[in-house]
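The values are calculated or read from the model by the stated rules, or taken from the named source; none is laboratory data. Source: prediction; values computed, not measured. Backbone-built Cβ (ideal geometry, glycine too); neighbour counts: all protein chains shown. To get the accessible areas, we keep the full protein, side chains included, count just its heavy atoms, and leave off ligands, DNA and RNA. Shrake-Rupley method; radii C 1.70, N 1.55, O 1.52, S 1.80 Å.
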Amino acid sequence: MEADMQLFRLIDRLADGATAILDERQKRVNRFFDTNKDRAGSYVASPELTTAVDVALTLGRPLLLTGEPGSGKTLAAFWLAQQLLDDGHFHEYQVRSDSRARDICYDFDAVSWFRQSQIAQKEVDKSAFLSPRALGIAFGWNGEEDAKPHVVLIDEIDKAPRDFPNDLLLELDQMKFTIAETGRTIGPPRQRPIIVITSNSERRLPDPFLRRCVTHHIEIKPETVLDILKARLEAYRGDAPANPQDNQLIEAGGAFWSGLTELEGRFSRKPTVAEFWQWLVLASEFPDDSTVNLIETLKKKRGADIAKLPRINSLFLPADLGVISSV
């Protein structure tokens, strides 16, 4: 165990040199981190989610995904795009606290336009200073008809100002918008875009907006967690041979997660599935000098031995760890 602990520690191995430590650190990061595009290949879509996707595709309405942070809402959009389209037809717009509806449609470089007008000493054509954003491309900015629809992800819409959802009603319903600077109308395209919207439900969205969407709440059920852990562990292993104890680790992890679900409401902050699987692999790959057995302890779901698991404090706040350990 002590050898495993020494193997895990990086900052204590300064004698090896900073370069060696940073190289080892990057190797570890590369195994744990991948992009949403890469992660979509191992995404586990529940039957309820696939049903909601089918309804949204059939009706041509935006799919609004709600759920706790880390429940896979954003990744679901990447998964859907990967199933249907090539990379050039997927567009992601990350909503911010100062976002305007126009920002997702097009951009107007007002500063450059004003400068050119000053130089020319007359108002120049604004068309040259316009460029499409996600919806502009999806609605056919250049008037070209694509053989396939575009997928547009509007991520975390509840971060936007209050008027943002209502200002998108025409765009989401009729799939078109008018450029205020020129009066030109963009859309609707022959191939109706597939729009996925995510929300962490930090605030209620307007009813007129909700009526235009097919809404699905992503709930991570215990049986789904088993599939997620298996998929993520296989992705982590890559081409390396599987550990003989992987199946036991997944079953124990699923049992422990079901125990967390049973204690729902007693945590100040419950870890996400993404955080949990990373900790699970870390505890398995780099055990410390603890005398408790990782798999057997997780199967028990709770108890004093939970607090003895490797680096468990990185997964839970002290008060929450106390809840699990004292039950």
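Is it true that T291 is open to solvent by 50 Å² or more (accessible area, probe 1.4 Å), of a type in the set (S, T, N, Q) and under 30 Å from L168 (Cβ atoms)? Steps first, please.
Details: open to solvent by 50 Å² or more (accessible area, probe 1.4 Å): yes; of a type in the set (S, T, N, Q): yes; under 30 Å from L168 (Cβ atoms): no.
Against the criterion (open to solvent by 50 Å² or more (accessible area, probe 1.4 Å), of a type in the set (S, T, N, Q) and under 30 Å from L168 (Cβ atoms)), T291 does not qualify.
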message: Being free of Cβ contacts under 8 Å to residues at least 12 places away in the same chain and either in a loop (DSSP other than H, G, I, E, B) or within 21 Å of L226 (Cβ to Cβ) (or both): is that true of E264 here?
response: yes
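Would you say L130 is more than 30 Å from A76 (Cβ to Cβ), at pLDDT 95 or above, of a type outside the set (G, A, S) and open to solvent by less than 60 Å² (accessible area, probe 1.4 Å)? Spell out the reasoning first.
Numbers: more than 30 Å from A76 (Cβ to Cβ): yes; at pLDDT 95 or above: yes; of a type outside the set (G, A, S): yes; open to solvent by less than 60 Å² (accessible area, probe 1.4 Å): yes.
Taking the combined requirement at face value, the residue satisfies it.
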field: Criterion (assigned to a helix (DSSP H, G or I), touching a Lys or Arg at 6+ places or on another chain (Cβ under 8 Å) and either modelled with pLDDT of 90 or more or polar (S, T, N, Q) (or both)) met by exactly one of S290, S258
entry: S258
- line: For T272, the lone unmet condition from (1) of a type in the set (S, T, N, Q); (2) out of contact with any Asp or Glu (no Cβ under 8 Å at 6 or more places or on another chain); (3) closer than 25 Å to R28 by Cα is (2)
- request: Run I154 past the list (1) within 27 Å of P69 (Cβ to Cβ); (2) open to solvent by less than 30 Å² (accessible area, probe 1.4 Å); (3) not in a strand (DSSP E or B) and report the number of the one that doesn't hold.
  value: (3)
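Being in a helix (DSSP H, G or I) and either free of Cβ contacts under 8 Å to residues at least 12 places away in the same chain or touching a strand residue (DSSP E or B) at 6+ places or on another chain (Cβ under 6 Å) (or both) is the requirement here; does G143 meet it? Working first, answer last.
On the way: in a helix (DSSP H, G or I): no; either free of Cβ contacts under 8 Å to residues at least 12 places away in the same chain or touching a strand residue (DSSP E or B) at 6+ places or on another chain (Cβ under 6 Å) (or both): yes.
Against the criterion (in a helix (DSSP H, G or I) and either free of Cβ contacts under 8 Å to residues at least 12 places away in the same chain or touching a strand residue (DSSP E or B) at 6+ places or on another chain (Cβ under 6 Å) (or both)), G143 does not qualify.
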